[in-house]
Amino acid sequence: MPRASPFFRPALIFTALLLASSFALRVLPLAAESAHSVPPPALDTPANPQAAQFMTPQQVKSLHLDDVDNYQRHIYFWQDVPRRAKYVEIWNEVKAAQ
């Protein structure tokens, strides 16, 4: 009985994986389409600006996608902590106790 080439089996496996992955990628939704389907408690502003076209007007307004520039101008990313010295003192005591 003739033997198959040693390259036949790896080539067959590679072809099967390639076909399976292309099928899997074809059935996945687009990122913009799936970004609007995140449940509300975890919903954050989507990274893909095209996701807004798949949202309801209420979702667009609640995520401030209707006026992003104005919304970002009014975000406070950092504010001074009141009594910061006291927090640092307590934190240092906690670290020293470990």
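Observations, loosely collected:
- When the range 54-98 is filtered for residues that are touching a helix residue (DSSP H, G or I) at 6+ places or on another chain (Cβ under 7 Å) and not aliphatic (A, V, I, L, M), the ones remaining, listed by number, are PHE54, HIS64, ASP66.
- Helices (runs of 4 or more DSSP H) within the chain that include 2 or more residues modelled with pLDDT under 80 and of a type in the set (S, T, N, Q): 8-27
The values are calculated or read from the model by the stated rules, or taken from the named source; none is laboratory data. None of the values given here were measured: they were computed from a predicted structure. Every residue, glycine among them, receives a Cβ derived from its backbone with ideal geometry; neighbour counts consider all protein chains shown.
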